[in-house]
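So the structure is just underneath, and the comments pick up after that.
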Amino acid sequence: MIVDVHTHLPTHPDEVPADQVKTEETMRSGEVVTLTNTIDDYLRDMAPVDKAFLFGIAPRPWIKRIPGTGIGQFKSGSDFGAGIGWDSSLNHNDVASITAKRAPDKIIPFMSLHPKDPGWRDEYDRCVGDLGCKGIKLGPNYQDFDPTGPEAFKMFSRLEADGIPIVFHQGTSPMRDAPLSYAHPLTTEKVAMAFPDLKIVLAHLAHPWQVDCITVVRKHPNVWADVSAQFYRPYSFWQGMRLFHEWGCTEKILFASDWPVTKPQDDIDHLRLLPKFAKDHHLPTIPEADIEGIINRDALDILGVD
């Protein structure tokens, strides 16, 4: 079973108008990434996987929408949710549910909430009860909340009690107003310590803090890492994977793509090319068995996603 635990929402339900096409060049260090896409694009790119977790990121509640631009377009210039292609009456959790219904046997919607939003409890109930969300995605740095603060801990307590796993953004970000300390694995470890039954995924191997990520996932039975957004920095990718192997932690890595920044097939291919990269550069290898274990790891069973 191949499970992609990290995919973002399509920006449009159908065709992307030419004047709404958006690209970005910082995520992949100068490579052009097309950020606008459709449900059909998403489903096509998910063909190689058996299951995929799909989510947006709840915006900061103190940033208001710009009228007429749809969900996700905010005065800060940050893009959250699903983008301008969706009806402005829908939020990112609606879009996750709508998209998942196009392939209900494959796509698993996750919610995203903000612990400083006074209405988060009602939205939680709606997401779990009406929209069928099975987990939650949080980016404390993007959302600008302290994951060790009292508001966040109230949310984590409920998630733990309900058996709902969290995918945390971890690691670097090009956004100047996104505090890096909120996305550091040693900060997130305080959450793991306070809530030992809360299942947590540290996204992106917490790049470039892979060493700190290892120390957290190795220590805590309730914490895993995902391998999204790695292969296009090949030496860093090899280094992180080799460190996880040397520390005996590759079994704590889950497969992930970070779509649309990368596609699942590209991630699978580049994972399998790691031994060649090591050989070509006269570096220690990563065993193929470790790599295949990551690609085929049953994240549904590990995270308790029904």
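The values are calculated or read from the model by the stated rules, or taken from the named source; none is laboratory data. For clarity, every value in this text was computed on a predicted model and none was experimentally measured. Cβ sites come from the backbone with ideal geometry, for glycine too, and all protein chains shown count toward neighbours.
General observations
- All positions within segment 183-235 that are hydroxyl-bearing (S, T, Y) and either touching a Lys or Arg at 6+ places or on another chain (Cβ under 8 Å) or over 17 Å from S257 (Cβ atoms) (or both): T187, T188, T215, Y232, Y235
- Failed item, numbered, when A152 is tested on (1) modelled with pLDDT of 95 or more; (2) over 19 Å from H220 (Cβ atoms): (2)
- Residue list for segment 97-125, restricted to those being crowded, with 16+ Cβ neighbours inside 10 Å and among the basic types (K, R): K106, K116
- Any hit, segment 203-222, residues being assigned to a strand (DSSP E or B), touching a residue at least 24 places away in the same chain (Cβ under 8 Å) and either in contact with an Asp or Glu (Cβ under 7 Å, 6 or more places away or on another chain) or not charged (D, E, K, R) (or both): no
- Subset of segment 78-100 that is under 16 Å from the mean Cα position of the chain (by Cα) and in a loop (DSSP other than H, G, I, E, B) - its residue that is modelled with the lowest pLDDT: F80
- Scanning segment 150-173 for residues that are in a loop (DSSP other than H, G, I, E, B) and touching a helix residue (DSSP H, G or I) at 6+ places or on another chain (Cβ under 9 Å) yields a count of 7.
- Residue list for segment 1-51, filter: assigned to a strand (DSSP E or B), loosely packed, with under 14 Cβ neighbours inside 10 Å and either touching a Lys or Arg at 6+ places or on another chain (Cβ under 8 Å) or in contact (Cβ under 8 Å) with a residue 40 or more places away in the chain (or both): T26, E31
- Tally, over segment 234-247, of residues that are under 18 Å from the mean Cα position of the chain (by Cα) and not in a helix (DSSP H, G or I): 0
- Residue in segment 139-154 that is in contact with a Gly (Cβ under 8 Å, 6 or more places away or on another chain), in contact (Cβ under 8 Å) with a residue 12 or more places away in the chain and crowded, with 18+ Cβ neighbours inside 10 Å present: no
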